[in-house]
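The values are calculated or read from the model by the stated rules, or taken from the named source; none is laboratory data. On a predicted model such as this, the values are computed, not experimentally measured, just so you know. Every residue, glycine as well, gets a Cβ built from its backbone with ideal geometry; the counts of neighbours run over all protein chains shown.
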Amino acid sequence: MSGMRLLDGSEAIVEAAIMAGLRFYAGYPIAPATELLEYMAEKLPSVGGVCVNADTEIEAVNMALGAAQVGARAATGSCGQGLALKQEAIAEAALNETPLVVFNMARNQQDYFQATRGGGWGDYHTVTYAPKDLHEAVELTHVAFHVADKYRVPVIFMGDNLLARTQMGTSLPVPELEKLPAKDWALDGTMGGTGASRWIWTFGGGKANRPGVGPDGYWRQIAEKFQRIARDEMRHEQCFCEDAETVVVAFGSAGKFVEHVVRELRKEGMKIGFFRPITLWPFPADALDAATRDAKNILVFELNAGQMIDDVRLSVEGRRRIAAIGGVSFDDSGLNLGPLLDADIIRERILAQLSGQPLRQLPYTGMGAYL
Amino acid sequence: MNVIDTARPPERAASRTATFKPSLLLSEHHHLCPGCGEPVAIRLILEVIQELELTQNNICILGHGCYGSFIMQMDVDSTLCLHGRGPAVATGMKRIRPQTAIWTLQGDGDMTSEGLAEIMHAAARGENVTCFMLNNGVFGDTGGQMTASSVIGQRTKNTLEGRDAAYHGNPIKLAEIVASMDGAAYVARGSVHNAASINATRKLIRKAFQRPMEGQGLALMEILTMCPTGWFVPPGEGAEYMMESLGKVYGLGELKDVAAAASPEDAGV
Ligand SMILES: Cc1ncc(C[n+]2csc(CCOP(=O)(O)OP(=O)(O)O)c2C)c(N)n1
Ligand code: SF4
Ligand SMILES: [Mg+2]
């Protein structure tokens with residue numbers, strides 16, 4: 001595809017996903033993930049794909065699992081509450097090695113724990129990509145499907161309302177990614193009666209004629225795989241950290257705003273830097289540790305009551321002063337990133353924190369639109 | 001009806017009565033109880049798969065129940081999915097591989113308790129898949145507790161005095177409900193309590209595979225299976241107990257066949 005198109009984030013992600021080979025999507029409406037479902041329903045049939053309007057998020061994610069297990073690139077999508085319903089199946093995908101992409105167009109940034117800590121059973125992690133805008137979202141959509149297939153793991157793509165509904169011009173570029181081997185593990189139904197039939201299940205036990213390593217051995221192999229992913233797939237972005245006395249950490253759409261403020265403060269002569277995890281899991285702990293080695297202050301701006309800040313603390317092992325400068329922040333739709341996501345307010349909070357002033361509490365946004 | 005006295009060792013030890021195994025089983029051993037009806041039902045299904053020449057064109061999705069351990073025994077491509085979600089997984093597979101016979105192996109607990117939404121919506125959509133429900137009226141695997149299909153009066157581990165409609169609610173006759181749905185092409189209930197019922201059930205299973213493969217919609221094939229362990233009766237008395245309890249509520253035979261006159265088999269016999 002050549003030339004620029006003006007697309008909203010949802011449409012750009014759907015276009016990128018189909019270009020990445022997505023052929024099966026199942027979803028259930030919920031703002032701000034509804035447009036993904038609508039665009040999928042519109043666009044997938046024309047490439048021979050299928051979009052099923054599932055009757056629950058649980059059904060949707062299990063359909064996607066089935067499609068992925070027979071070899072298709074498959075995805076499902078929702079937002080916070082729906083992600084909670086999908087957690088059992090995300091754990092299942094991690095433990096039975098099914099590649100699956102879950103788009104979570106989150107309400108705000110309160111799904112950090114849910115995405116990075118997982119809500120299902122067993123020892124697993126969920127690779128989670130948090131793009132800062134549409135351009136990065138297009139790239140990370142390709143990466144998400146690639147990484148899901150490469151390691152046979154579930155991947156969460158963490159967007160938000162701003163990303164889903166903001167238009168930008170894009171040529172939908174396709175990133176260069178290494179070629180992956182054929183999915184010789186996938187079920188195609190042809191191996192019955194040969195003694196070599198295939199299986200997919202979370203206990204890893206094979207067939208009676210090839211019983212495998214047993215759950216203990218299998219789950220240890222899965223744990224090792226997640227260690228490899230943590231080593232090789234970590235992504236982050238940083239600027240001005242070399243001589244920074246203060247480093248501000250933020251992710252997703254909020255990261256883009258914070259970066260803008262940090263660049264302005266730099267121009268004004270302040271020794272301030274910026275650090276943005278792109279993978280929320282694996283969290284770029286070593287990189288953050290290195291980037292903040294000489295910093296006196298680490299400020300964490302996230303639009304929730306303090307979730308990523310736990311990972312920041314773990315990364316620098318309490319060796320530096322860490323303060324939360326974000327907070328719970330919504331507009332009255334309950335979807336948007338809220339009044340804190342404002343360059344002037346971010347600046348005010350950075351300066352207040354550094355000078356020992358209390359952070360100004362913004363008034364509650366109320367339910368204006370509903371009255 | 002005898003109730004097993006668990007204070008004494010069993011009088012009769014279990015003995016293997018048949019050594020012949022269908023070729024789609026990888027071993028003649030399984031881990032299910034003596035007198036269990038599930039291995040009989042599974043064996044029938046596998047034999048029909050061979051008869052219909054689907055051996056190298058089928059994928060089985062197993063739910064959570066005693067039958068689940070057959071993932072290791074069955075020589076067909078298979079996955080063991082989350083409890084109750086089989087028809088959703090089957091949907092994803094069938095939409096990507098429409099030429100493959102996709103079938104679920106579930107129990108009454110898996111399908112009627114945990115997975116009611118999945119089977120109902122798959123039936124409503126008319127997915128071209130075959131869903132088996134091995135109905136023994138209990139959660140056998142977890143030790144014999146009440147499911148949505150336990151019948152009134154049935155003693156289970158959590159209905160010790162028998163299922164009481166006023167207190168525990170009423171059983172769900174799932175096959176009857178699914179038969180009323182437009183997307184369901186074939187709904188039947190068989191049983192494995194004696195040779196005649198086994199032979200009759202084999203014929204029903206054939207059609208349960210054929211209708212979805214003809215693109216007519218979903219097939220629900222319920223099979224009543226003995227669970228002497230979960231019913232607390234001696235293995236040899238499972239069949240009799242089943243027909244006196246479940247058998248009185250769940251009538252055997254075809255409940256729906258959209259292609260009743262379409263196939264020669266139906267017209268002929
Ligand atoms: C989400 C979830 N809840 C509960 C269980 C525990 N569990 C395993 S098997 C089973 C009973 C299944 O009963 P049924 O489908 O009737 O099969 P049966 O053992 O009677 O053949 C249950 C409740 C589970 N595996 N997953
Ligand atoms: S508990 Fe019941 S269903 Fe399970 S193996 Fe034993 S007899 Fe069969
Ligand atoms: Mg049961």
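Quick look at the values:
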| item | result |
| --- | --- |
| Leading residue by the ranking (modelled with the highest pLDDT) among those in region A:189-207 that are within 14 Å of A:Ala94 (Cα to Cα) and within 7 Å of another protein chain (Cβ to nearest Cβ) | A:Ile200 |
| Residue satisfying condition, being outside any loop (DSSP other than H, G, I, E, B) and either surrounded by 22 or more Cβ atoms within 10 Å (Cβ to Cβ) or among the aromatic types (Phe, Trp, Tyr) (or both), within set A:Ile345, A:Ile350, A:Ile322 | A:Ile350 |
| Checking B:Pro87 against (1) at the interface with another protein chain (Cβ under 9 Å from one of its Cβ atoms); (2) surrounded by fewer than 22 Cβ atoms within 10 Å (Cβ to Cβ), the condition it does not meet | (2) |
| Those residues of region B:133-149 which are on the phi < 0 side of the Ramachandran plot and either under 13 Å from the mean Cα position of the chain (by Cα) or near ligand 3 (Cβ under 7 Å from one of its atoms) (or both), in sequence order | B:Met133, B:Leu134, B:Asn135, B:Asn136, B:Val138, B:Phe139, B:Gly140, B:Thr147, B:Ser149 |
| Flag for B:Ala185 being surrounded by 23 or more Cβ atoms within 10 Å (Cβ to Cβ), within 14 Å of chain A (Cβ to nearest Cβ) and either hydrophobic (A, V, I, L, M, F, W, C) or away from ligand 2 (no atom under 16 Å from the Cβ) (or both) | no |
| Every residue from region B:135-191 that is of a type in the set (Phe, Trp, Tyr) and in a strand (DSSP E or B) | B:Phe139, B:Tyr186 |
| Candidates A:Arg210, A:Arg152, filtered to the one that is within 14 Å of chain B (Cβ to nearest Cβ) and over 29 Å from the mean Cα position of the chain (by Cα) | A:Arg210 |
| Single match in A:Gln110, A:Gln87 (criterion: within 26 Å of A:Arg276 (Cα to Cα), surrounded by fewer than 24 Cβ atoms within 10 Å (Cβ to Cβ) and within 14 Å of chain B (Cβ to nearest Cβ)) | A:Gln87 |
| Set A:Ala17, A:Ala31, A:Ala26: member being hydrophobic (A, V, I, L, M, F, W, C), surrounded by fewer than 24 Cβ atoms within 10 Å (Cβ to Cβ) and assigned by TED's automatic domain parsing to the domain that holds A:Tyr151 | A:Ala31 |
| Pair list, Cβ < 6 Å and 6+ apart or interchain, from region B:50-65 residues that are within 19 Å of B:Gly37 (Cα to Cα) and away from chain A (no Cβ under 11 Å) to residues that are assigned to a loop (DSSP other than H, G, I, E, B) and acidic (Asp, Glu) | B:Gly65/B:Asp141 |
| Filter pass, A:Ala26 being within 10 Å of chain B (Cβ to nearest Cβ) and more than 24 Å from A:Pro181 (Cα to Cα) | yes |
| Region B:192-243, residues that are part of a strand (DSSP E or B) and within 16 Å of ligand 1 (Cβ to nearest atom) | B:Leu220, B:Met221, B:Glu222, B:Ile223, B:Leu224 |
| Near pairs, Cβ below 6 angstrom, 6+ apart or cross-chain, from region A:50-61 (outside any strand (DSSP E or B)) to any residue that is of a type in the set (S, T, N, Q) and at pLDDT 95 or above | A:Glu57/A:Ser78; A:Ala60/A:Thr76; A:Val61/A:Thr76 |
| Single match in A:Ala223, A:Ala186 (criterion: in contact (Cβ under 8 Å) with a residue 24 or more places away in the chain and either over 30 Å from B:Trp103 (Cβ atoms) or within 7 Å of another protein chain (Cβ to nearest Cβ) (or both)) | A:Ala223 |
| Checking A:His146 against (1) within 14 Å of chain B (Cβ to nearest Cβ); (2) more than 13 Å from A:Phe226 (Cα to Cα); (3) part of a helix (DSSP H, G or I), the condition it does not meet | (1) |
| Filter result (in a helix (DSSP H, G or I) and surrounded by 13 or more Cβ atoms within 10 Å (Cβ to Cβ)) within region A:224-234 | A:Lys225, A:Phe226, A:Ile229, A:Ala230 |
| From A:Leu140, A:Leu95, A:Leu65, A:Leu44, residue being among the aliphatic types (A, V, I, L, M) and at the interface with another protein chain (Cβ under 10 Å from one of its Cβ atoms) | A:Leu65 |
| Subset tally (residues that are away from ligand 1 (no atom under 16 Å from the Cβ) and without any contact (Cβ under 8 Å) to a residue 40 or more places away in the chain) for region B:30-49 | 1 |
| Residue ID - farthest from the other protein chains (Cβ to nearest Cβ), chosen from residues in region B:94-128 that are part of a helix (DSSP H, G or I) and of a type in the set (Asp, Glu) | B:Asp108 |
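One line per residue, one yes/no per condition, for (1) part of a loop (DSSP other than H, G, I, E, B); (2) within 15 Å of the chain's Cα centre (by Cα); (3) at pLDDT 95 or above:
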| position | (1), (2), (3) |
| --- | --- |
| B:Thr17 | yes, no, no |
| B:Cys36 | yes, yes, yes |
| B:Val40 | no, yes, yes |
| B:Val48 | no, yes, yes |
| B:Gln56 | yes, no, yes |
| B:Cys60 | no, yes, yes |
